[in-house]
Amino acid sequence: MCTGIRFTSTTGSMYFGRNLDWTQGYGERVVVTPPAAQVPAAFDRPGDVDAGHAHAVIGMAIVFNETPLYFDCGNDAGLAVAGLNFPQSACYAPEASTDPDAINVAAYEFPFWVARNFSTLDEVRQALAKTTIVAKPVSSDLPVANLHWIIADATGSIVVEYMRDGMHVWEDDVDVLTNEPDFGWQRTNLRNYLTLTDAEPASPLWGRAQLAPFGSGAGLQGIPGDYSGPARFVKAAFVNSHYPAKDSEGENVTRLFRTLGAVAVPDGAARMADGSCEKTLYTSCFSAEALTYYHATYDDPRIRAYRLASCDLSGNAPLNASEAPLTA
């Protein structure tokens, strides 16, 4: 399972990140795809930006036959996207649409298609109105992953879910996404927790007894603490919405990692049906201000930085990003 969030700094710059929670890694690494990279598309799409004029993309990926399979990524325009597990509800189109106006996108290429071709969330919204997400695998050896996606820029975020009845594009006013159930259910479920508060509760009288809280944080009694999708959604939404806005790059990167740390999964706490345990394999952050991708792993919590400007963007194939010093 996974958790994604988005927020802005005091100056309106976007920060976007996610936890990837799973039982095992897949050799993922930070990958940059230069604008001129020749990446094969799953379908003929005349509207795609030509290589050389596309956006540079950076994020966590595996590369298969020159195709970057991004788990999450951001581009040089400050647009970001992440795919999260949606195993029970995702239901892509079995075949490409034959409508001449349709935009057919394979699920495996969806994050890269978004980040490579678009500059703003509004552009993505317009394209999604004509988009069909197709259950086409990148290879017979790699099954199609059942996902939904959060896409964001400085103006806000949306959630994209392709289900049995087709495309759903949700306006994400809480800037959070987890897993099952669908976003509409998760957003409605927040109403069950509207009495939560960051304030210290008043000391009431019960008869002649004056009751006082044990200390700060008592206003959060009742917030779910398990690692299910609904519980993480509620907790991430509360923490993300109540965290004070910050000024500097360092403060905002810290905010993102601390917020996602509130819903990180430790080993041994979330066992799956096959006996294996999920844990937060990595946490990532994309800064639209610095055009820098940050990440830390379960076994190495040191935050590493990868600046887009420090990477070689002249090539014609995806490449490993170069680590850079942290920005203060």
Inset, instruction - Among the residues of the stretch 29-49, count how many are at pLDDT 95 or above and of a type in the set (D, E, K, R). - result: 1
Legend entry - Residue selected from the stretch 186-219 under the condition touching a Pro at 6+ places or on another chain (Cβ under 8 Å) and hydrophobic (A, V, I, L, M, F, W, C), by the criterion farthest from Ala154 (Cα to Cα): Leu211
Inset, instruction - Would you mind stating whether Asp101 is surrounded by fewer than 16 Cβ atoms within 10 Å (Cβ to Cβ), without any contact (Cβ under 8 Å) to a residue 24 or more places away in the chain and assigned to a loop (DSSP other than H, G, I, E, B)? - result: no
Inset, instruction - Within the stretch 244-261, identify whether any single residue is part of a loop (DSSP other than H, G, I, E, B), in contact with a helix residue (DSSP H, G or I) (Cβ under 6 Å, 6 or more places away or on another chain) and buried (at least 21 other Cβ atoms within 10 Å of the Cβ), and answer yes or no. - result: no
Legend entry - Subset of the stretch 155-176 that is among the β-branched types (Val, Ile, Thr) and in a strand (DSSP E or B) - its residue that is farthest from Ser119 (Cα to Cα): Val176
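Under the condition of being out of contact with any Ser or Thr (no Cβ under 7 Å at 6 or more places or on another chain) and surrounded by 10 or more Cβ atoms within 10 Å (Cβ to Cβ), which residue from the stretch 203-216 is nearest to Gln88 (Cα to Cα)?
As a first pass, look at the stretch 203-216 and keep what is out of contact with any Ser or Thr (no Cβ under 7 Å at 6 or more places or on another chain): 203-209, 213-216.
Next, only the ones that are surrounded by 10 or more Cβ atoms within 10 Å (Cβ to Cβ) stay: 213, 216.
Working: Pro213: 41, Ser216: 39 Å.
Restricting to residues being out of contact with any Ser or Thr (no Cβ under 7 Å at 6 or more places or on another chain) and surrounded by 10 or more Cβ atoms within 10 Å (Cβ to Cβ), the top hit is Ser216.
Look through Glu123, Glu180 and report the one residue that is in a loop (DSSP other than H, G, I, E, B), modelled with pLDDT of 95 or more and among the charged types (D, E, K, R).
Working: Glu123 fails: in a loop (DSSP other than H, G, I, E, B).
After ruling out the rest, the residue left standing is Glu180.
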Legend entry - Odd one out for Asp274 among (1) loosely packed, with under 14 Cβ neighbours inside 10 Å; (2) modelled with pLDDT of 95 or more: (2)
Legend entry - Number of the condition not met by Pro46 [criteria: (1) assigned to a loop (DSSP other than H, G, I, E, B); (2) of a type outside the set (D, E, K, R); (3) touching an Asp or Glu at 6+ places or on another chain (Cβ under 7 Å); (4) without any contact (Cβ under 8 Å) to a residue 60 or more places away in the chain]: (3)
Inset, instruction - Could you grab me the full set of residues in the stretch 291-328 that are within 18 Å of the chain's Cα centre (by Cα), over 18 Å from Pro68 (Cβ atoms) and part of a loop (DSSP other than H, G, I, E, B)? - result: Tyr298, Ile303
Inset, instruction - Take the residues in the stretch 13-28 that are in a loop (DSSP other than H, G, I, E, B) and closer than 16 Å to Gly74 by Cβ, then tell me which one is modelled with the highest pLDDT. - result: Ser13
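The values are calculated or read from the model by the stated rules, or taken from the named source; none is laboratory data. Because the structure is predicted, anything quoted here is derived from the model rather than measured. Ideal geometry is used to build each Cβ from the backbone, glycine not excepted, and the neighbour counts take in all protein chains shown.
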